[in-house]
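What follows is a single structure, written as structure tokens, with notes after it.
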Amino acid sequence: MKNIKMSKINLKNILKKTFKKKPKKKSSKIIKKKVVKAKKEKKIISKKAKKLGKNIKSAKSVQKKVEEKISSKSDNLRISKNNETKPEIKKVKKQETAKKEYKIKDFVVYPKHGVGQITEFKKVSIGGIDVETYVIKFEKDKANGMVPVNKQSHLRSLATINQVNKCISILKSKPKIKRSMWSRRAQEYEAKISSGKIYELAEVVRDLNKGDDLMVDQSYSERQLFEKAYERILSEFQIILGVSTEDTQKKLDKALKRNLEGQKKNDLLETKSSNLSEPPQEENSDTIVSE
């Protein structure tokens, strides 16, 4: 039995030895190729390192040169401590002003507030600077405003009679209403009012005028813009024409075809009162005077 077991073991060992996988030996050619590649890579890396080193050195040298130049310039600009003098800062005490185009008691149009009258010239210090200004009185707002003389281009003189006549013709013409949204149109109307141009004011009044048509609905913002433009143009017309506010209003309303029934009634009452106040005219008789 012992002999049989030993024979089995021997056979297993023999089989293992015979069929054992032998490690494949790498061919010398492949090894050589890898070595060559590694050498090439080393050479490339060394070349790149040398280039980087050169670039770094050149960059450092350039930086040094720039620093030297800056330091030399700063040294030239520096003043010696013994002769050191601080630069004088001159404060502007007066502002450069233009020639006065308007006089005291002149009426002018300031786009944001309308018609006003220049009451005086006043010097005001703003931030330590003396500024010469026009003092303008706005009777409607019951307020005074100041406009610097060098910004008098924002002011406008009153319109002429020819411009007034043209404005009346604009008021009589048909309104030109766009089909855009009211918000956009309202912005355009507001810009026209704030421009201060009399023709644009007349256009706003014409376009927002509803006349005596009670069937037409008018929003609060529309009515507000209309009244703003109407009052501006009314106050300017009153001063130009030298007439009372009632008469100028009648003239504007007639052009806009507003309050026609009320105007007719007032005209009838005025004619009746004038007829009653006048005494009856006596017939002229020829008289002969004897000496």
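The values are calculated or read from the model by the stated rules, or taken from the named source; none is laboratory data. This is a predicted model, so every value here is computed, not measured. Positions of Cβ are generated from backbone atoms using ideal geometry, with glycine treated the same way; all protein chains shown enter the neighbour counts.
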Residue check, Ile45 modelled with pLDDT of 75 or more and more than 30 Å from Leu201 (Cα to Cα): yes
Residue ranges of helices (runs of 4 or more DSSP H) in the stretch 151-218 with at least 1 members small (Gly, Ala, Ser) and crowded, with 18+ Cβ neighbours inside 10 Å: 198-208
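Output the residues belonging to the stretch 126-150 that are surrounded by 15 or more Cβ atoms within 10 Å (Cβ to Cβ) and either under 15 Å from Asp106 (Cβ atoms) or not aliphatic (A, V, I, L, M) (or both). Please lay out each step first, then the result.
Let us first name the residues in the stretch 126-150 that are surrounded by 15 or more Cβ atoms within 10 Å (Cβ to Cβ), namely 131-136, 138, 145, 147-149.
The answer is Glu132, Thr133, Tyr134, Val135, Ile136, Phe138, Gly145, Val147, Pro148, Val149.
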Lone unmet requirement of (1) modelled with pLDDT of 85 or more; (2) farther than 30 Å from Lys123 by Cα for Ser157: (2)
Filtered residue count, the stretch 160-202, keeping only those that are over 23 Å from the mean Cα position of the chain (by Cα) and of a type in the set (Asp, Glu): 0
Residue count, the stretch 171-220 (criterion: at pLDDT below 85 and within 14 Å of Arg232 (Cα to Cα)): 1
Unmet criterion (only one of (1) within 22 Å of Lys112 (Cβ to Cβ); (2) surrounded by 18 or more Cβ atoms within 10 Å (Cβ to Cβ)) for Glu227: (2)
